[in-house]
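To keep things clear, I will list the structure first and then write my remarks on it.
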Amino acid sequence: SDKFGGDIEEPVSRDWNLNSYAKDNGTTDNKFGQGWINYKDVDKAWKPIDNKIEDKGDYFTVEKAPFIVTMPKLSTGIASFEANNRWDSKGEKDIKEPPLTMTLKAQGVANVEGKLETGDFGFGETEYVVYEKAYPDLKADLIYWVQRLPDPSLKKIIRFNQNPNVVQDVKLCFDT
């Protein structure tokens with residue numbers, strides 16, 4: 001059921017930006033998205049995109065999308081983004097190439113546990129993983145989040161909780 005307690009109607013067909021619903025009079029009601037609303041799963045079926053971050057115990061993940069993101073439980077771990085998309089929306093054809101993977105590992109961070117938060121980085125409300133005080137000398141947090149549009153990617157943000165009172169430039173590095 002939906003958030004209002006009603007039944008959620010299941011589409012009779014899907015495409016990357018389309019859900020089609022059967023109406024009682026025998027016609028079809030098509031609902032288009034401005035971008036990706038469905039992704040092609042490994043079984044070649046269209047499934048709804050769900051960017052909700054799941055806590056798997058040892059790591060955080062987003063798996064119900066045209067990509068897989070894994071974020072470490074600890075700030076010293078490795079985050080990864082696997083572009084395993086199986087559909088080319090511009091060419092309207094299946095993608096046969098193997099997935100591409102990007103990894104990130106913050107250097108010089110304290111070993112702190114991540115937790116889920118919700119906020120807005122200027123792209124609308126989103127869920128993310130924050131490692132509070134991962135940079136204790138700078139009084140700063142490390143954040144990993146998935147930016148969905150215009151192109152899905154794994155992003156990192158350093159959130160300063162107060163003025164770090166540094167006189168020189170600070171270089172924060174990531175292994176990729």
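Before moving on, here are some points about what is shown:
- Working from label points 7 Å from Cα in the Cα-to-Cβ sense, the K156 to N51 distance is 2.1 nm.
- Highest-fluctuation residue, K52, K96, K155 considered, GNM on the chain with Cα pairs under 10 Å: K96
- Partner aspartates and glutamates whose Cα lies under 18 Å from the Cα of K171, excluding those fewer than 8 positions away in the same chain, are identified as D137, D141.
- FRET efficiency estimate (nearest 0.05) - Cβ-Cβ, T176 to D137, R0 35 angstrom: 0.90
- Kirkwood-based Rg to Rh ratio, the chain, C-alpha trace: 1.06
- Computed from backbone phi with θ = phi - 60° and the Karplus coefficients 6.51, -1.76 and 1.60, the 3J(HN,Hα) list for the range 28-38 is 10, 9, 9, 10, 9, x, 6, x, 4, 10, 10 Hz; x is used for glycine and proline.
- Over 19 Å between alpha carbons, listed pairs K52/K96; K115/K156; K31/K96; K47/K93; K90/K156: K52/K96; K31/K96; K90/K156
Each reported figure results from applying straightforward, stated rules to the coordinates on display, with no laboratory input. Remember, predicted model here, so these are calculated numbers, not experimental data. Ideal geometry is used to build each Cβ from the backbone, glycine not excepted, and the neighbour counts take in all protein chains shown.
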